[in-house]
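Undergrad: Pasting in a structure now, in structure tokens, and then I'll have a few things to ask.
The values are calculated or read from the model by the stated rules, or taken from the named source; none is laboratory data. Quantities reported herein were computed from a predicted structural model and do not represent experimental measurements. Note: ideal-geometry Cβ built from the backbone for every residue, glycine included; neighbour counts use all protein chains shown. SASA here: full protein model, heavy atoms, side chains in, ligands and nucleic acids out. Shrake-Rupley method; radii C 1.70, N 1.55, O 1.52, S 1.80 Å.
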Amino acid sequence: MAQYIGTSVKRKEDRRFLTGKGSYTDDIILTNMTYATIVRSPHAHAKIKSIKTDKAKSHPGVVAVFTGKDLHSDGVGSVPNGWQITDQMKEPPHPALAVDRVRYVGDGVAVVVAENRYIAKDAAELVEVDYEILPAVVDTVKAVEKGAPLVHDDVPNNTSFVWELGDKNSTDDALSKADHVTKLEYDNQRLIANAIEPRSTVGSYDSGRDELTLYSSSQIPHVVRLLLCAFVLNLPEHKVRVISPDVGGGFGSKICHYAEEVLFAWVTRKINRPVKWTAERSESFISDVQGRDHHTVAEMGLDKDGNILGIRVNTLANLGAYLSTFSGGIPTWLYGPLLAGTYTVKNVYVNVTGVFTNTPLVDAYRGAGRPEATYAVERLVDTAAHEMGMDPVDLRKKNFIPPDAFPYQTPVVHVYDSGNYEGALNKALDMIEYKKFRKEQAEARKNGRLLGIGFSTYLEACGLAPSKVAGAIGARAALFEAASVRVHPTGKVTVSTGTHSHGQGHETTFAQIVADGLGVPVEDVEIVHGDTGEVPFGMGTYGSRSLAVGGSAIYKAVEKIQEKAKKIAAHKLEASEDDIEFGDGKWTVKGTDKSLGLGDISLTAYIPHDYPEGLEPGLEDNAFWDPTNFTFPFGTHISTVEVDPDTGKIKILRYVAVDDVGNVINPMIVDGQVHGGLAQGIGQALWEGAAFDENGQLVTGTFMDYAIPKADDLPSFEVDRTVTPTPENPLGVKGAGETGTIASTACIVNAVVDALHHLGIRDIQMPLTPERIWQAIHNK
């Protein structure tokens, strides 16, 4: 029998994608369908004096026009925030359509529903909105200055919360006594996810059954249903079905409960017809949640020998105009506890102020808090090495947590599960030929060439859980995962999971787990996800949790199937249960050749003519998995670059990534996840960045201005792994989807600064565009 776990099985789901057979939300066509266009504010901050909809309503083919007042008068609640950071946190209401005030460019003010999307778009231009323009605040730092315009009148200083973690006094003392203090002040700039599939929502109401079905390109269908029913529309949950079919990428931007989901769940009930809305790309730029956007002052204190004594970080986190579903947790609990990095630092303190501005909402973007923490720590380490005349490799090795120290309690909450940080670093150093490169770099400088090498010895927290901890830190949801495994009479298997796949390859990796666990070909296992009417309640996919939490739930359900199959096999083979062993796809009587495969056992379970007394017929079971801790992937990324001093252009020469994600189910899929993450992290370092003018207008609102990396911008990545299993789940897996993004941004910036530090350049604001590099060189 084939061994599937640990092998590069080709992705099962790719057949339908490559042949154009995928089914996305915009592909949904229902009888009597209508189409919607949202009228959005062109101003970042304004009072709505009036909205005239008569012309739009009388336009041929228009079915209905609604405004925020219609929803408000119908009792539609605020789009909820899912994370309470402090007891004093300010949570202003977030209406699905603005009622009397708009707070960012793109804020919805009306919706036009018509017989087709072209009529809806034409009629939307007939909606007349009279605005009284108000002063806007866009910059994170300026938003908390005295006299700044208020985004919400009842939120002083535009401050939603002030959060801190760690021992401030001990950290202040450690830095005051340090022989050397490295300080950096920088912006971790705002990013726009730009998934290949724009967001789309279809609402369909069956008045005869009083049932609502909502199709949405979401990462969290069950969470959307829960929030929609319990907090916004007050609908009975058993009468609402949320379906997330194939989703063309998410990267965190589809982790939220969006206003459009509320809007079209309500609209379909009002018009008693299905309604579809799909964002245009320019609309996505201003209506999707965005990521990052921190202004940070970070300090690291060291003794004269290079031992890290303390790290102190103060961050202003831009939240946008409203709180999104998880926006409060990302710059706090997914950020602060990672600021100890991979090091034995005893004193860490972080203070985060969550700030409202007149900009689109900020929530998760691949890595979500972990890349920001890694950037702070790894930039400090490389900068300190340059300032102290130390090799950045030696400085890291001096401060690494040793392999025999795990589980390791950090000064900022986390208990790391397992690790061998120096092992990953040494492997990456061998791959990059570190000593050889340093010699080449020295020779190149003599000839006026600027070569640099950068490091990122990162760590991240994945497998977001456990629920008890999540509740203690303010998450308004559990973080377990659920699975159901059904073996059909012929031995074929259907698995239902509460996670959701939008590019991760779950239909393959989850099938590999089941195939090995039940001794069937991987082709005989079907994975079902994304439909709250078909799968058990689960929390969805984000934070590299699907395999560690969802995969573990599947594994536990398979164990239950194995135990029941063992009872059936013992009965059929006339043996004691203790004498039955499972291996090579069969249940066998020890020491004999008497055995049964899954097909024989399952047929017996469903036709129980000769069956164990008192045992229920059928062969299916379910399981929930709520782990006791996070998992902590880690690794070392090293990049080499060349900077053209005449143009400022950066060429990435090599990029080596050695990651440790615990046990690996499918190496090919893990490699693909790392590659994609690297592209996004490098994109932030060199090209990407959302920019707004002083009036809140997005000036990078197209791909002409918002530069995402292209294939020829990137080198051929060199990836490898070490394997340090986690003890926190039965699979020993840690999570792989975000490693590349978390490590690569700091790695590339460190390499560029290494190429330039002998010129007196110690930091450059991201993205490191040729103009910024050229100016930095020539200013020196």
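Undergrad: Between the stretch 1-21 and the stretch 354-405, what's the alpha-carbon centroid distance in Å?
TA: 36 Å
Undergrad: In terms of solvent-accessible area of protein heavy atoms at a 1.4 angstrom probe, what is the ranking of M704, M431, M766, highest value first? Numbers along the way, then the final one.
TA: Values: M704 175, M431 50, M766 5 Å².
Descending accessible area places them as M704, M431, M766.
Undergrad: At 1.4 Å probe size, with no ligands or nucleic acids counted, give the accessible surface of L97 in Å², nearest ten.
TA: Surface accessible to solvent at L97 totals approximately 10 Å².
Undergrad: Order R486, R281, R273 by their accessible area, 1.4 angstrom probe, all chains in place, largest first.
TA: Most to least solvent-accessible, the answer reads R486, R281, R273.
Undergrad: With every protein chain left in place and a probe of 1.4 Å, what is the accessible surface of L361, to the nearest 10 Å²?
TA: L361 has an accessible surface of roughly 20 Å² with all protein chains in place.
Undergrad: Let me ask you something else. Distance cut-off 32 Å, Cα to Cα: go down the list K168/K427; K168/K436; K436/K710; K590/K734 and report the pairs above it.
TA: In this structure, K168/K427; K168/K436; K590/K734 exceed 32 Å between Cα atoms.
Undergrad: Carbon-plus-sulfur fraction of the accessible area of the stretch 337-415, 1.4 Å probe, in percent? Mind dumping the intermediate values first?
TA: Working: 950 of 1840 Å².
Ligands and nucleic acids excluded, carbon and sulfur give 51 percent.
Undergrad: Going highest first, how would you order 86-93, 568-575 by mean Cβ packing within 10 Å? Could you put the intermediate results ahead of the total?
TA: Details: 86-93: 14.1, 568-575: 18.2.
Sorting 86-93, 568-575 by mean packing, highest first, produces 568-575, 86-93.
Undergrad: Oh, and also: Please enumerate, by chain and number, the aspartates and glutamates with C-alpha under 16 Å from the C-alpha of K254, excluding those fewer than 8 residues away in the same chain.
TA: Partners found: D26, E197, D246, E280, E283, D288, D363, D531, E738.
Undergrad: Moving on. List the aspartates and glutamates whose alpha-carbon lies under 16 Å from that of K49, not counting same-chain residues fewer than 8 positions away?
TA: D70, D100, D107, E128, D130, E132
Undergrad: Which percent of the accessible area of the stretch 726-780 is formed by carbon and sulfur heavy atoms (probe 1.4 angstrom)?
TA: Heavy-atom surface of the stretch 726-780 belonging to carbon and sulfur, 1.4 Å probe: 51 percent.
Undergrad: Assigning unit charges at the beta carbon (Lys, Arg +1; Asp, Glu -1) and nothing else, what dipole magnitude in debye, to the nearest 20, does the chain show about its Cα centre?
TA: 880 debye
Undergrad: If you take every residue apart from S41 with its C-beta less than 9 Å away from the C-beta of S41, what net charge results, scoring Lys and Arg +1 and Asp and Glu -1?
TA: +1
Undergrad: Can you list the aspartates and glutamates whose alpha carbon sits under 15 Å from that of K560, skipping same-chain ones fewer than 8 residues off?
TA: D516, E577, E581, E616, E620, D621
Undergrad: If you take the beta carbon distance between D130 and A230 as r and set R0 to 51 Å, what does 1/(1 + (r/R0)^6) give as a FRET efficiency, to the nearest 0.05?
TA: On the way: r = 36 Å, r/R0 = 0.70.
According to the calculation, E is roughly 0.90.
Undergrad: Cα centroids of the stretch 479-504 and the stretch 571-640: how far apart, whole angstrom?
TA: Between the Cα centre of the stretch 479-504 and that of the stretch 571-640, the gap is 15 Å.
Undergrad: Between E559 and N695, with labels modelled 7 Å along Cα→Cβ, what's the label distance in nm to one decimal, could you check?
TA: The modelled label-to-label distance comes out at 6.2 nm.
Undergrad: Ranked highest first by average number of other Cβ atoms within 10 Å, how do 413-423, 624-634 line up? Don't jump to the answer; show the numbers that get you there.
TA: Values: 413-423: 20.5, 624-634: 23.4.
Listed from highest to lowest mean packing, they are 624-634, 413-423.
Undergrad: Cβ neighbours within 10 Å, averaged per peptide: list 166-178, 371-383, 515-527 in order, most packed at the top.
TA: Listed from highest to lowest mean packing, they are 371-383, 515-527, 166-178.
Undergrad: Students often get this wrong, so check it: of K177/K439; K397/K651; K304/K780; K69/K121; K121/K270; K439/K649, which have C-alpha atoms separated by over 25 Å?
TA: Over 25 Å apart, Cα to Cα: K177/K439; K397/K651; K304/K780.
Undergrad: Sorting I607, I28 by accessible area (1.4 Å probe), largest first, what list results? Don't skip to the end; give the middle numbers.
TA: On the way: I607 85, I28 25 Å².
Ranked list, largest accessible area first: I607, I28.
Undergrad: Can you give me the long-range amide H partners of L619? Hydrogens built in the peptide plane at 1.01 Å from N, cutoff under 5 Å, separation of 5 or more residues or another chain.
TA: V487
Undergrad: Let me ask you something else. In the full protein assembly as shown, how much of L339 is accessible to a 1.4 Å probe, in Å² to the nearest 10?
TA: For L339, solvent-accessible area is about 0 Å².
Undergrad: Given +1 on the Cβ of Lys and Arg, -1 on the Cβ of Asp and Glu, and no further charges, what dipole in debye does the stretch 163-256 carry about its Cα centre, rounded to the nearest 20?
TA: 360 debye
Undergrad: Quick one: if the Förster radius is 25 Å, what FRET efficiency do I708 and M668 give, using the C-beta to C-beta distance and rounding to 0.05?
TA: 0.55
Undergrad: Length gain on complete extension for the stretch R772 to S467, per 0.36 nm per residue less the alpha carbon to alpha carbon distance?
TA: Working: separation 305, 0.36 × 305 = 109.80 nm, distance 4.47 nm.
Here the segment from R772 to S467 would lengthen by 105.3 nm.
Undergrad: Estimate the FRET efficiency between S73 and H488 by the formula 1/(1 + (r/R0)^6), using the beta-carbon distance for r and 41 Å for R0, to the nearest 0.05.
TA: Using R0 = 41 Å, I get an efficiency of 0.20.
Undergrad: Report the full-extension gain for the segment R438 to H238: residue separation times 0.36 nm, less the Cα-Cα distance, to one decimal in nm.
TA: Result for the pair: 65.6 nm of gain on full extension.
Undergrad: For the stretch 1-116, what is the accessible area per residue in Å², given a 1.4 Å probe and the full set of protein chains?
TA: 49 Å²
Undergrad: Oh, and also: So for the pair K168, D54, with labels modelled 7 Å out along Cα→Cβ, what separation do we get in nm?
TA: 5.9 nm
Undergrad: Please report, in debye to the nearest 20, how large the charge dipole of the stretch 707-780 is about its Cα centre when each Lys and Arg carries +1 at its beta carbon and each Asp and Glu carries -1 there.
TA: 180 debye
Undergrad: Over the stretch 659-707, give the accessible area per residue in Å² for a 1.4 Å probe, as an integer.
TA: Computed with neighbouring chains in place, this is 34 Å² per residue.
Undergrad: Could I ask something else about it? Which one, A174, S50, A364, is farthest towards the positive end of the dipole of the chain when Lys and Arg carry +1 and Asp and Glu -1 on their Cβ?
TA: My answer, from the dipole projection, is S50.
Undergrad: What value, in deg cm²/dmol to 500, does the helix sum -39500 (n - 2.57) over DSSP H runs of n ≥ 4 give at 222 nm once divided by the residues of the chain? Can you show the working numbers first?
TA: Values: 20 runs with 214 residues, N = 780.
The helix contribution divided over the chain gives -8000 deg cm²/dmol.
Undergrad: Between R117 and R16, what length comes free when the chain is fully extended (0.36 nm per residue of separation minus the Cα-Cα distance, one decimal in nm)?
TA: Numbers: separation 101, 0.36 × 101 = 36.36 nm, distance 2.72 nm.
The R117-R16 span can extend by a further 33.6 nm.
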